[in-house]
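The values are calculated or read from the model by the stated rules, or taken from the named source; none is laboratory data. Small disclaimer: the values here were computed from a predicted structure and weren't measured. So basically every Cβ, Gly included, is an ideal-geometry build from the backbone, and we count neighbours across all protein chains shown. Please note that ligands, DNA and RNA were not included when accessible areas were found on the heavy atoms of the full protein model with its side chains. Shrake-Rupley method; radii C 1.70, N 1.55, O 1.52, S 1.80 Å.
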Amino acid sequence: MFSWMNKEESRKKGTDVYDGVAEGLKNIYRQKLLPLEKEYQFHDFHSPALDDPDFDAKPMVMLVGQYSTGKTTFIRYLLEQDFPGIRIGPEPTTDRFIAVMHADTDGIVPGNALVVDPKKQFRPLSKFGNAFLNRFQCSGTTSSVLKGISIVDTPGILSGEKQRTDRGYDFIGVLEWFAERVDRILLLFDAHKLDISDEFRRSIEALRGHDDKIRIVLNKADMVDHQQLMRVYGALMWSLGKVLGTPEVARVYIGSFWDQPLRYDINRRLFEAEEQDLFADLQSLPRNAALRKLNDLIKRARLAKVHAYIISALKKDMPAVFGKDGKKKELIKNLDALYGQLQREHQISPGDFPDIKKMQELLVNHDFTKFHALDRKLIERVDKMLAEDIAKLMSLVPLEEQISKTEGSDRIEGGAFDQVMDSQTPFMFKGGEGVNAGVGEVEWVIAKDRFKYDAMFDDLNPVDGKVSGAAAKSEMIKSKLPNNVLGKIWKLSDVDKDGMLDADEFALAMHLMNIKLDGHDLPTELPTHLIPPSKRAF
């Protein structure tokens, strides 16, 4: 009763109470942004209206690449199991868009049934027609990985003469639709096949505007030796530089993402490190899902505002009675001048405007006399949403992250994630190396080199079995490690915190220095297996 009274009271004051980020986004979109989109036909020009499943859906990962780059094999590697409808082969096998999602029982839902399901976020895809829907399906399977994310497998992009064959539907348009809604886009390249076909180039260009979501994977990298891999990587960066057209260097993950033996084992450590980075990036998706949805809604609101300014300006310049067709052609031709005028009038960044060529093509098919004049109240409502409502939802994000962390829903579990991110087996990342050397052994690992360290300790003339900090420093600085690293080693080694080192603590300090000199990281706290046996009580 009291919560109802509080909500009623806050409603009277004109403030909104949100139970969570997703619920809040639904409310502010429907009440404040959707009216602006409808008024200026935003959905005809840019993106269909958002439904509730768009805000409730799990994070999605889309795989894009030419045929035979290992997209479907990559999904199988993540899940460690087959999914309904899987087809793997060197030829273009995947001829359809497949949404691989979690389900209690294995099964396939065809495209036409999928786009009428109110619980799924695919309803707007019906605009691409039967030719596409016959090439679209949802493969449901019981996988713990899919409890955290959904994966979209795309048809292999064609090259050579095959790419001139019409697919029968707007392939690039479908890619754009998915790119706007997914959380990660993985561009897969084959180490043997770096040529970027015309269709692949158009596909990559369609992903522009979503650069923050794109990650590049150089797959099948074990098929070449280290010298060839260096050349392949350089050629890939050169090719991408020409297509992406950005001064920043794209992050490329190098590896061989399948469960077969490595052909060239020389790069095993590199592949392990790259795989850790890629999996850590994917692990962050459930944790950052709410922030991504907030970010996407802000981008959509900014675009909707600019679109409203453009449409209302075109309406304002149209004549009342005669010469409408001529004026329409003139306005479309001079759209760049209108962009410049709006930019100056409303202080809009040039990057917020939609692509001018695409806008001109779409405007040709619209009746300018049916456009509406600028409604200041709708613009102010969106401005208020961006200034106040989004800030309220931002304050809920840390709380939701904490709840999901407590429930364990902030990470992906199962499949390859349990093996790659595991820290409990001998085959974990850097298992048995650096700080992890000696884990699980009965004997103290440092005892193996104790004779060397004891000789160095005796040369420092210990008093009562201990050396002072100044004496230890004279030996430790010979490593040429910076003072902040040596200071950290000192704190870890002085287990009893008496400001001096005995023989065990000195041996520990030497061991930690060697770990750092070998290129490994130091721990923030001393692991149990490195504590000297004489100091275990501390």
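Brief remarks follow.
- Looking only at the stretch 225-270, residues that are at positive phi and either open to solvent by 100 Å² or more (accessible area, probe 1.4 Å) or part of a helix (DSSP H, G or I) (or both) come to 0 in all.
- Candidate set: the stretch 33-47, residues that are modelled with pLDDT of 90 or more and assigned to a loop (DSSP other than H, G, I, E, B); chosen: the one surrounded by the fewest Cβ atoms within 10 Å (Cβ to Cβ): GLN41
- Filtered residue count, the stretch 345-381, keeping only those that are among the β-branched types (Val, Ile, Thr) and farther than 12 Å from TYR309 by Cα: 3
This table checks each residue for (1) closer than 30 Å to ILE390 by Cα; (2) touching a Leu at 6+ places or on another chain (Cβ under 9 Å); (3) open to solvent by less than 70 Å² (accessible area, probe 1.4 Å).
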| position | (1), (2), (3) |
| --- | --- |
| LEU303 | yes, no, yes |
| ILE311 | yes, yes, yes |
| GLY326 | no, no, yes |
| LYS329 | no, no, no |
| GLY340 | yes, no, yes |
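- The listed residue being surrounded by 17 or more Cβ atoms within 10 Å (Cβ to Cβ) and either under 22 Å from LYS213 (Cβ atoms) or among the polar types (S, T, N, Q) (or both), out of LYS299, LYS358, LYS293: LYS293
- Residues in the stretch 184-205 that are open to solvent by less than 10 Å² (accessible area, probe 1.4 Å) and either within 18 Å of the chain's Cα centre (by Cα) or within 21 Å of LEU125 (Cα to Cα) (or both): ILE185, LEU186, LEU187, LEU188, PHE189, SER203, ILE204.
- Looking only at the stretch 358-376, residues that are in a helix (DSSP H, G or I), closer than 23 Å to SER47 by Cβ and without any contact (Cβ under 8 Å) to a residue 24 or more places away in the chain come to 3 in all.
- In a residue-by-residue description of the stretch 312-324, the property of being under 30 Å from GLU23 (Cβ atoms), assigned to a helix (DSSP H, G or I) and among the acidic types (Asp, Glu) applies to no position.
- Conditions (1) over 13 Å from VAL485 (Cα atoms); (2) part of a helix (DSSP H, G or I); (3) basic (Lys, Arg): number failed by LYS516: (1)
- Every residue from the stretch 394-411 that is surrounded by 13 or more Cβ atoms within 10 Å (Cβ to Cβ) and either part of a helix (DSSP H, G or I) or polar (S, T, N, Q) (or both): MET394, LEU396, VAL397, GLU400, GLU401, SER404, SER409
- Restricting GLU505, GLU441 to those that are open to solvent by 40 Å² or more (accessible area, probe 1.4 Å) and within 17 Å of ARG536 (Cβ to Cβ) reduces the list to GLU441.
So that you can scan it fast, the table gives a plain yes or no per residue for (1) part of a loop (DSSP other than H, G, I, E, B); (2) among the basic types (Lys, Arg); (3) modelled with pLDDT of 90 or more; (4) open to solvent by 60 Å² or more (accessible area, probe 1.4 Å):
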| site | (1), (2), (3), (4) |
| --- | --- |
| ARG87 | yes, yes, no, yes |
| THR93 | yes, no, no, no |
| MET101 | no, no, yes, no |
| PHE132 | no, no, yes, no |
| CYS138 | no, no, yes, no |
| VAL152 | no, no, yes, no |
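- For GLU205, the requirement of being of a type in the set (Asp, Glu) and free of Cβ contacts under 8 Å to residues at least 40 places away in the same chain is met.
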